[in-house]
Structures are given as C-alpha cells and as structure tokens.
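The structure appears below as structure tokens.
FYI, it's all coordinate maths here, none of it is from the lab. Treat the numbers as computed from the prediction; the structure is a model and nothing was measured. Quick reminder, even Gly has a Cβ in these numbers, built from the backbone with ideal geometry, and neighbours come from all protein chains shown.
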Ligand code: EPU
C-alpha cells in the first residue's frame, strides 16, 4: 500500500474540483482495508471514497482518503431462471450493467450509464426509469471499521428508501461496503422489462422502429436509457457534475393541494405511501434557474436539477449557487429542497 501525501482529488470527483487529501491510499484487498483501519484507528479521520460521483468537496480533506479499488465479479448462486452476481465494491457500476446486458441478464438495464462505483450504489439506493437497486439487491457485504469484521446485510436490513439506506443513517461512517450481490434474470422476456416509465417507450420506438414490442430485450432498453440520459445529463468527463443535486420532494396531500390550486400544470407522481412526489427540476425551472449560471457554477441547460461546474468553479461557489436555488424555490413554493449529493 502506498500512502500519498497532499494528493490531488481532481481525478477522483466528478465535479472536477481541485482539492487535496492530506493523505491518500488506494486499497485493493480486504486485508489492506482492515490494515488501514487498524493503523489509523483513533488519530486520523478516514474518508472512504468510491467513484466520487456523488460528492462535492468544499475544502481540502484533513486525514486519509481511502479509495476502494476492490475488483472482481462472480456468480454465487444459480437457478434455471436467475443467478446471483456478487460484484466487488470498486467495480464501475456501468461496467457491470454492460456486462449483464451483454450476457442477456435482466434487472439493471434501466440503471445504465449511472456514474459511480458498485460500492456506492446501495448507499443512496440508486434509481432511474422506474427501477431502483433495491429491486434486484440480495445482500451487501461490508467491513466494520472498528473491528475489521465482515458483515452481510440482507435487502431488508439495508432499510432502503428513496435515495436512502442504513448506510446513510445507523451505519454511516461505521461500515465500508466491500461487495454487493444482485439477483438477475437469465434470458428475460419482453414482459420482464420495465418500459412504461417516462420516455422509455417513445425512445425505444424511435431507436428501433422495426422491432416489435414483444421482441425487446435488455439490450434495447439499455440503449434507450443511454440515449435519454445522453440527451439530458451532462457527461462528467466534459462538464463537471454529480447528477441530480437535490432529491425530488415528497409532500403530503394537503401541501400538494395547496400547490396544485396555484400551479395546475405542476407535474406530480402519486406514491403508494399516499405522499406526492414533485419533480425538483420543475420547481427549479419555475424559478428561472434552468440554464442560468453565476460565473462557472450553474444549473444545467437540459436538466434543471443538475448543478454543473463550467470549469473554474470552486466547491464553495457551487454550494453558494445551490443555496440561492434552494432559497428561490422556498420563496416561491414554501418547499425545502434536500441535497442528494454529499457536501464535504
Ligand atoms: N422537468 C422539468 N424541467 C427540467 C427537467 C425535468 O420541469 O429541466 C420535469 C418534467 O416534468 C419531467 C420531470 O421533471 O417529467 C422529471 O424529470 P426526469 O425524468 O428528468 O427525472 P428527475 O425526477 O429530474 C430522477 C432521478 C434521476 C433519474 C431520473 C430518471 C432523483 C433525484 N433523480 O430525476 O437520477 O435519472 O429520475 O428516472 O430522483 C441522480 O440521482 O443523480 C439521477 C440523475
């Protein structure tokens, strides 16, 4: 293991911010990870980093940044219809999606092109186009920081919610995810695919006009999702960003009715819980922030929910802009937006 001093995190965060870690280490085995926690236990704070696609650094990191570079995938169980794939935390999420799609394994094709690592995926229960990680997740394996012991959490134990899990709550800074096991469907039929959400069906028809609906495969869905995402979401390699910056607020029926009376054009999603989800992108767009910028910090032109770094913005510039957006949404709608991205 090499411990680097004053190490640039620019290549390790999707906003492309130039901040430095006091110390940096990349670990590629469980033993190395255990050793890091054994040696750094009390004195040095250890910040565990995955793909760096959901973090906004506002300052240099005091202490040790530990990059999880555990690699490998294996099928751990198999039936005639399904298989369970265990993926190490350091694998790139979309590499696994591509691999699954190439094998014609179904379940994660709607989650194509989401940036980040496997290990970060359960923390916020990544989701897109009608599917969330929790729908396919079997278990999460992790190491307890204080003892170095390995633990397996079942899907239920992960307490998943909308962009939420036990890893953001009780196990925050306590457990480091080392691998994730997902149940995928072998040779799914068109009925197993999730194509009803949003623009997917439209995109499928546009991209594959000759293909009848009943012949769609995971490959078609994955391509449709990739195409929609590319048209709306900026590529972090070109324009620094961390996807949706805020969560979509979930409000009570009363709040919804108050807003609806004033804004009948407001798009909403009725949830089974009785709450109503309002797209934060719409709220932001109504305040005039879509495509607006202040210096090099701005809200994306194609998707108002994505905070972007046009080049030279600092973490503090980005936070300041996000606070202005939040204040304007509150002034207009009396709704508090909650950030989805971790601000450090
Ligand atoms: N809308 C606007 N203006 C915009 C963009 C969208 O008014 O600039 C409205 C439209 O009515 C649209 C609705 O907002 O129908 C929803 O927009 P979209 O389908 O783009 O999805 P989102 O709610 O903004 C969520 C996730 C995304 C995920 C998409 C697709 C959150 C916080 N974000 O965004 O996830 O890709 O749905 O399922 O839930 C991420 O978490 O980083 C992320 C990109």
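Some values worked out for this structure:
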{"quantity": "Zero-based 5 Å bins, Cα pair distances in the stretch 298-344, whole percents", "calculated": "5, 20, 29, 28, 14, 4, 1"}
{"quantity": "Full-stretch length increase - residue 95, residue 1 - with 0.36 nm per residue and alpha-carbon distance subtracted", "calculated": "31.3 nm"}
{"quantity": "Förster-model FRET efficiency, 56 Å R0, residue 190 and residue 320, C-beta, rounded to 0.05", "calculated": "0.70"}
{"quantity": "Where the Cα pairs of the stretch 1-135 fall when distances are cut into 10 Å bins, in %", "calculated": "11, 37, 31, 16, 4, 0"}
{"quantity": "Backbone N within the stretch 238-254 under 12 Å of label point (7 Å from residue 271 Cα along the Cβ vector)", "calculated": "247-253"}
{"quantity": "The chain: equivalent-ellipsoid semi-axes (sqrt of 5 x gyration tensor eigenvalues, Cα, Å)", "calculated": "31, 28, 19"}
{"quantity": "Fraction of beta bridges assigned by DSSP in the chain that are antiparallel (%, nearest 5)", "calculated": "80"}
{"quantity": "Ranked packing of 304-315, 7-18, 332-343, most packed first, by mean Cβ within 10 Å", "calculated": "304-315, 7-18, 332-343"}
{"quantity": "Rounded to 5, the percent of DSSP beta bridges in the stretch 1-99 classed as antiparallel", "calculated": "45"}
{"quantity": "Pairs of Cα atoms farther than 21 Å apart, the stretch 240-343, %", "calculated": "32"}
{"quantity": "Extension reserve of the residue 77-residue 230 stretch, reckoned as 0.36 nm per residue once the Cα distance is removed", "calculated": "51.6 nm"}
{"quantity": "Nitroxide proxy distance, nm - points 7 Å out along Cα→Cβ at residue 263 and residue 60", "calculated": "4.2"}
{"quantity": "For 285, 262, order by how many other beta-carbon atoms lie within 10 Å, fewest first", "calculated": "262, 285"}
{"quantity": "Theoretical gain in end-to-end length, residue 335 to residue 312 [0.36 nm per residue, Cα-Cα removed]", "calculated": "5.2 nm"}
{"quantity": "Sequence ranges 22-33, 72-83, ranked by mean other-Cβ count within 10 angstrom, highest first", "calculated": "22-33, 72-83"}
{"quantity": "Sequence-separation-based contact order of the stretch 240-343, relative, with Cα cut under 8 Å and 6+ spacing, percent", "calculated": "32"}
{"quantity": "Two-site FRET efficiency, residue 197 against residue 252, from Cβ-Cβ distance with R₀ of 25 Å, rounded to 0.05", "calculated": "0.55"}
{"quantity": "Stokes-Einstein D in µm²/s, Kirkwood radius over Cα pairs - the stretch 73-231 at 20 °C with 1.002 mPa s viscosity", "calculated": "133"}
{"quantity": "Relative contact order (%) - the chain, alpha-carbon pairs under 8 angstrom, separation at least six", "calculated": "16"}
{"quantity": "Residue-averaged [θ]222 nm for the chain, counting only DSSP H segments that reach four residues, each worth -39500 (n - 2.57)", "calculated": "-7000 deg cm²/dmol"}
{"quantity": "Packing-based ranking, highest mean first, of 217-224, 287-294, 185-192 given that Cβ atoms within 10 Å are counted", "calculated": "217-224, 287-294, 185-192"}
{"quantity": "The stretch 49-194: relative contact order as a whole-number percent, Cα under 8 Å and 6+ apart", "calculated": "28"}
{"quantity": "Separation of alpha-carbon centers, the stretch 8-58 and the stretch 293-331, rounded to whole Å", "calculated": "25"}
